Structures are given as C-alpha cells and as structure tokens.
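The structure appears right after this line, and notes come after that.
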Amino acid sequence: MLFKGHITGRNKGFTLIELLVVIAIIGILAGIVLASLGNARSKGQDAAVEEQMSSIRTAAEIFYSSNSNSYLSGTQTGAACTGSGASGIWTNTASNMLTLITSTQSQVGGSGNIDCGVTATQWAVAAKLPSGAGYICVDYTGQSKTYPSATALTGSGNPKSAAAATVCQ
C-alpha cells in the first residue's frame with residue numbers, strides 16, 4: 001500500500017559532501033606517502049655514497065700493496081682526487097680507484113663536494129652526503145665516520161684538499 005507523498009524508486013548513492021570528504025582523505029594519505037618516499041630516497045642516496053667510500057678504502061689498500069707499500073705514485077703532489085690535478089692513487093685503474101672516485105663525485109654533485117689527501121703512508125677521502133646531512137670520511141686507519149662539517153680531513157696543512165690532510169677527525 002502506497003501512501004500519498006511517499007517517493008518510490010528513490011536514487012541511491014553518495015552525496016557530494018561524502019565524495020569530497022573521501023577525496024580529501026585520499027589526498028592527505030597520498031601526501032604522507034610521497035613525503036616518506038622522498039625521505040627514503042635521500043637515505044638511499046646517502047647509503048650509496050657510504051658504500052662507494054667503503055670501496056675506496058679497499059681500492060686504496062690494493063694500490064698500497066701493489067705499489068711497494070706506498071700510497072704515492074711517482075711524482076704525485078697535492079691531493080686533488082678529481083679533475084686535471086688528480087694523479088697517482090686517485091687515477092689508478094688497476095685498483096678501480098679512478099672509477100670509484102668518478103662515481104662518488106657524480107653521486108655527491110661534483111668535484112667541489114669531495115676532498116682527498118695522500119702521503120706515502122696515509123690517505124683520507126671526505127665526501128658530502130647527497131642529503132646534506134654532513135660528510136662521510138674514510139681514511140687509511142679503516143675509519144668511516146659521518147661529520148656535520150666540511151673540515152673532516154685534518155693534517156699538517158689546510159684541512160681541505162691538502163696533501164697532508166690524511167686523517168678523519
């Protein structure tokens with residue numbers, strides 16, 4: 001029995017307000033996920049640089065043992081590990097050092113973000129982390145540390161890109 005004023009066949013569905021609320025919630029969740037992915041990507045890039053630096057340590061020891069127990073080669077002077085001033089250990093292909101230095105330089109955004117130091121018995125390399133969280137430094141003692149500043153290399157001279165800057169501190 002139908003009563004007067006009763007609507008039959010009413011459209012069933014969601015109201016506009018309900019749809020807007022659901023869309024807003026989905027948008028907020030998507031924003032949170034994307035922010036988390038960006039942070040994970042940054043940490044992944046830092047981890048890749050840290051792994052490269054560990055490989056540089058291994059390559060330095062290979063160079064040392066095959067170069068009469070010396071980290072120097074021929075007339076190597078200075079500490080440039082990239083570009084036209086690079087020589088000796090930093091450009092060695094037998095130990096894969098050249099490839100590692102070039103790859104690390106690319107990952108950290110250029111030669112201005114990587115510093116090297118070498119003497120006959122000591123070496124150190126510091127590189128800026130891509131996330132900007134500091135610098136990673138490895139040296140001949142086996143240290144691998146992260147520092148908040150660019151002056152991670154120390155020695156008897158200028159702490160950045162000096163031939164005597166062969167210790168991470």
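A few remarks follow.
- Leading residue by the ranking (farthest from S66 (Cα to Cα)) among those in the stretch 94-145 that are part of a strand (DSSP E or B), free of Cβ contacts under 8 Å to residues at least 40 places away in the same chain and open to solvent by 50 Å² or more (accessible area, probe 1.4 Å): K128
- A133 being within 15 Å of E50 (Cβ to Cβ) and at pLDDT below 65: no
- Condition check for Q105: within 11 Å of the chain's Cα centre (by Cα) and of a type in the set (S, T, N, Q): yes
- Considered as a group, the residues in the stretch 152-169 that are assigned to a loop (DSSP other than H, G, I, E, B), at pLDDT 55 or above and in contact with a Pro (Cβ under 9 Å, 6 or more places away or on another chain) include one that is most open to solvent (accessible area, probe 1.4 Å), and that residue is Q169.
The values are calculated or read from the model by the stated rules, or taken from the named source; none is laboratory data. The model shown is predicted, which means the values in this text are computed figures rather than measured ones. Methodologically, a virtual Cβ is constructed for each residue, glycine included, from the backbone with ideal geometry; neighbour enumeration extends over all protein chains shown. Surface areas here come from the heavy atoms of the whole protein model, side chains and all, with no ligands, DNA or RNA. Shrake-Rupley method; radii C 1.70, N 1.55, O 1.52, S 1.80 Å.
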